[in-house]
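Colleague: Got a structure for you, written out below as structure tokens; questions coming shortly.
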Amino acid sequence: MTTKDLATKRLPVFDLVRCKQCGICAHFCPKDCIAFNDEGDPYLAHPEACTSCRMCEYMCPDWAVCLEAPSEGQPDTEAA
Amino acid sequence: MDRVVYMDHASTTPTDPEVVAAMLPWMSERFGNPSTVYSLGLTGAKAVQDARESIAKAINADPEEIYFTSGGTEADNWAILGSADAHSRQGRHLITSAIEHHAVLESMEYLAKRGCEVTRVPVDGGGLVDPEEVRRALRPDTVLVSIMHANNEIGTIEPIAEIGRITREAGVLFHVDAVQTAGKLPLDVEELGVDMLSISAHKFYGPKGVGLMYLRKRTRITPLLHGGGQERGRRAGTTNVPGIVGMAKALELASVRMAEDAIREAALRDRLWEGLSAGIEAIHLNGDPVRRLPGNLSVRLDGIEGESMILMLDMEGICVSSGSACTTGSLEPSHVLLALGIPAEDAHGSLRATLGRSTTAEDVDHFIKVFPPIVDRLREMSPIWCANCVCKQRN
Amino acid sequence: MYSELVMEHFRNPRNMGVIEDADGVGEVGNPQCGDMMRITIKVKDDILEDIKFQTLGCGAAVATSSMVTEMAKGKKLDEALAISNKAVAEALGGLPPAKMHCSNLAADGLQAAIKDYRDRRQA
């Protein structure tokens with residue numbers, strides 16, 4: 001996993017307003033990438049281990065996780 | 001072990017007692033036809049409207065976008081035949097996947113025989129549709145894309161939101177068969193970007209014989225059922241008040257316990273897979289190992305046939321299904337397994353266990369205990385399994 | 001779906017196995033169809049002294065294999081050759097219409113084994 005790979009792959013982005021801190025995203029992550037801070041908010045603790053499988057996105061009951069390509073200078077293949 | 005261990009929830013589910021209780025009054029004292037003007041019927045109309053609103057809320061739609069049908073098959077047929085017909089002047093090209101349910105594939109086939117062109121995008125070895133394949137298949141004359149949310153046989157979850165972005169950008173209608181995901185995975189028609197959705201009540205502990213189609217407002221569609229003008233003139237037939245009330249109740253119950261059910265079933269499913277793969281050789285998982293419905297375990301075993309496994313498991317009180325030819329009722333095994341690139345002789349040895357609310361750890365352990373001797377017995381009987389030779393070590 | 005007799009033959013198949021030094025081997029069907037049968041026979045004085053089967057297939061396939069070996073064992077070869085698929089299905093108390101094609105393998109397998117025996121003797 002190079003720095004370049006990490007810079008281009010799609011990673012989960014958490015919408016903390018929608019998030020109700022149920023933890024299901026972390027539960028279904030096959031690589032244990034997601035952790036929770038002291039306020040109970042989810043964050044991507046291990047971006048290098050993320051395989052972009054989207055299970056967090058599929059399982060979140062409140063649509064608070066979305067996989068996005070990084071915006072800094074990388075072309076995004078999806079329409080905005 | 002006397003109790004029946006039911007592990008075929010993808011096929012159908014028992015109706016929840018709370019759902020049955022909610023339905024009963026609408027079959028007895030409040031049996032009136034809601035299309036009438038007397039009060040015995042009008043209470044039914046109100047109950048149906050309440051059901052429409054609660055279901056709409058569950059999928060982030062408007063109540064006027066919910067159309068009740070006789071089930072998922074009717075919704076699939078209507079979505080495909082109805083939208084293709086209504087847009088036939090714009091084009092006659094349709095896109096779907098190789099692993100759709102027969103209700104979608106047969107509807108597409110029916111249109112293909114009448115001059116439409118159908119592109120079936122392939123799936124990878126785990127059953128995943130690549131959104132880029134859908135994008136590449138789009139043509140100026142494409143009018144509809146139909147991709148299922150999750151596959152009934154192998155449980156693979158498809159990247160619907162990504163495909164929805166592509167279809168939205170292209171201005172093409174997007175239908176999603178959500179029969180296996182309603183009540184199990186979060187559904188939001190805006191987040192997923194869908195124009196039509198098919199749902200079937202008996203998959204999420206509701207009654208059989210009722211389902212719905214979500215149809216985004218201002219989407220043109222030709223009715224499938226003509227008659228008395230019910231469902232805003234788009235789907236005729238006396239309103240199935242008890243079924244609709246039951247379906248709404250079942251979806252409401254499922255929504256509340258969705259996350260907890262998913263976690264519980266996934267844990268039991270993983271326990272089952274660990275136990276079986278440890279105790280049996282030459283057993284393989286079908287479908288994506290990660291992106292699958294929580295309760296789905298689809299496997300294949302070398303050297304033996306699916307129906308004989310089902311019969312022997314039935315003798316131990318366990319109900320499962322298979323993709324073998326003998327169980328599909330044709331000479332071909334499951335088209336889903338074949339689309340994954342699995343050779344026909346291996347596809348015949350498939351088994352699908354789909355866990356549900358009633359499944360316990362004891363059920364799983366019972367399966368793990370009784371299945372290996374069954375496999376041994378059938379392999380002993382098999383002309384193509386040789387216990388002693390190395391050739392059986394296939395991947 | 002299946003009669004009690006079919007299920008009985010499925011649960012407790014007769015003559016399951018392989019005759020190691022068989023006088024005739026008949027193999028019918030193929031794994032691609034999900035139905036395959038191998039029948040091995042031992043013949044003495046033109047009589048089917050022993051017969052065994054191996055089957056890959058559904059309940060009907062196993063039951064008809066079992067039944068055909070039971071019907072054929074101890075018979076003269078020509079009598080055994082006359083056993084038809086229909087006779088096997090009838091002996092089992094009938095099969096669902098969709099399963100009749102599974103029963104074809106049973107009689108075909110027996111006939112193939114007898115033919116193999118006769119071909120070998122010719123050679």
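Colleague: Quick check on this structure: which one of B:Ala361, B:Ala387 is surrounded by fewer than 23 Cβ atoms within 10 Å (Cβ to Cβ), at pLDDT 95 or above and outside the structural domain of B:Pro159 (by TED's automatic domain parsing)?
Modeller: Numbers: B:Ala387 fails: at pLDDT 95 or above.
Within the list B:Ala361, B:Ala387, the selection yields B:Ala361.
Colleague: Testing B:Arg165 on (1) within 14 Å of chain A (Cβ to nearest Cβ); (2) in contact (Cβ under 8 Å) with a residue 60 or more places away in the chain, one condition comes back false. Which one is that?
Modeller: Of the numbered conditions (1) within 14 Å of chain A (Cβ to nearest Cβ); (2) in contact (Cβ under 8 Å) with a residue 60 or more places away in the chain, the odd one out for B:Arg165 is (2).
Colleague: Okay, moving on. Among what's in segment C:76-100 and is surrounded by fewer than 17 Cβ atoms within 10 Å (Cβ to Cβ) and not in a helix (DSSP H, G or I), pick the residue that is farthest from the other protein chains (Cβ to nearest Cβ).
Modeller: Restricting to residues being surrounded by fewer than 17 Cβ atoms within 10 Å (Cβ to Cβ) and not in a helix (DSSP H, G or I), the top hit is C:Lys76.
Colleague: Next question. Here's a check for you: in segment B:215-253, which residue that is crowded, with 21+ Cβ neighbours inside 10 Å and small (Gly, Ala, Ser) is farthest from the other protein chains (Cβ to nearest Cβ)?
Modeller: So the residue we want is B:Gly243.
Colleague: Another question, if that's okay. Across segment B:1-50, which residue is surrounded by the fewest Cβ atoms within 10 Å (Cβ to Cβ) among those that are without any contact (Cβ under 8 Å) to a residue 60 or more places away in the chain and under 27 Å from B:Thr359 (Cα atoms)?
Modeller: Here the answer is B:Pro17.
Colleague: Filtering segment B:322-332 down to residues that are of a type outside the set (A, V, I, L, M, F, W, C) and more than 8 Å from B:Gly306 (Cβ to Cβ), which residue is nearest to the other protein chains (Cβ to nearest Cβ)? Spell out the reasoning first.
Modeller: Step one: list which residues in segment B:322-332 are of a type outside the set (A, V, I, L, M, F, W, C), which gives B:322-324, B:327-330, B:332.
Now drop any that are not more than 8 Å from B:Gly306 (Cβ to Cβ), which leaves B:328-330, B:332.
Working: B:Thr328: 10, B:Gly329: 6, B:Ser330: 10, B:Glu332: 9 Å.
Checking each candidate, the answer is B:Gly329.
Colleague: Given (1) buried (at least 24 other Cβ atoms within 10 Å of the Cβ); (2) facing chain B (nearest Cβ under 8 Å); (3) hydrophobic (A, V, I, L, M, F, W, C), identify the lone condition not met by C:Cys33.
Modeller: Answer for C:Cys33: the failing condition is (1).
Colleague: When only residues in segment C:41-61 that are surrounded by fewer than 24 Cβ atoms within 10 Å (Cβ to Cβ) and touching a strand residue (DSSP E or B) at 6+ places or on another chain (Cβ under 8 Å) count, which is farthest from the other protein chains (Cβ to nearest Cβ)?
Modeller: Our first condition is that a residue be surrounded by fewer than 24 Cβ atoms within 10 Å (Cβ to Cβ); within segment C:41-61, this holds for C:42-47, C:49-50, C:52, C:54.
From what is left, the residues that are touching a strand residue (DSSP E or B) at 6+ places or on another chain (Cβ under 8 Å) are C:42-43, C:46-47, C:49-50, C:52, C:54.
Details: C:Lys42: 18, C:Val43: 20, C:Asp46: 26, C:Ile47: 25, C:Glu49: 21, C:Asp50: 17, C:Lys52: 11, C:Gln54: 4 Å.
Residue satisfying both the conditions and the ranking: C:Asp46.
Colleague: Right, next: Look at C:Thr64 and say whether it is more than 10 Å from chain B (Cβ to nearest Cβ), in contact with a Phe, Trp or Tyr (Cβ under 6 Å, 6 or more places away or on another chain) and in a helix (DSSP H, G or I).
Modeller: On the way: more than 10 Å from chain B (Cβ to nearest Cβ): yes; in contact with a Phe, Trp or Tyr (Cβ under 6 Å, 6 or more places away or on another chain): no; in a helix (DSSP H, G or I): yes.
The answer is no for C:Thr64.
Colleague: Filter segment C:8-29 for residues that are within 8 Å of chain B (Cβ to nearest Cβ) and outside any loop (DSSP other than H, G, I, E, B) and give the result.
Modeller: Matches in segment C:8-29: C:Phe10, C:Arg11, C:Met16, C:Glu27.
Colleague: Would segment A:35-50 turn up any residue that is facing chain B (nearest Cβ under 8 Å) and modelled with pLDDT of 95 or more?
Modeller: The first filter runs over segment A:35-50 and keeps only residues facing chain B (nearest Cβ under 8 Å), leaving none.
No, segment A:35-50 contains no residue that is facing chain B (nearest Cβ under 8 Å) and modelled with pLDDT of 95 or more.
Colleague: Shifting gears a bit: Just to be sure I understand, how many residues within segment B:322-343 are surrounded by fewer than 23 Cβ atoms within 10 Å (Cβ to Cβ) and in contact (Cβ under 8 Å) with a residue 60 or more places away in the chain?
Modeller: Taking segment B:322-343 as the starting set, the residues that turn out to be surrounded by fewer than 23 Cβ atoms within 10 Å (Cβ to Cβ) are B:327-332, B:335, B:338-339, B:341-343.
From what's left, in contact (Cβ under 8 Å) with a residue 60 or more places away in the chain: B:335, B:339, B:341.
Within segment B:322-343, residues that are surrounded by fewer than 23 Cβ atoms within 10 Å (Cβ to Cβ) and in contact (Cβ under 8 Å) with a residue 60 or more places away in the chain number 3.
The values are calculated or read from the model by the stated rules, or taken from the named source; none is laboratory data. Fair warning: this is a prediction, and the values are worked out from it, not measured in the lab. Positions of Cβ are generated from backbone atoms using ideal geometry, with glycine treated the same way; all protein chains shown enter the neighbour counts.
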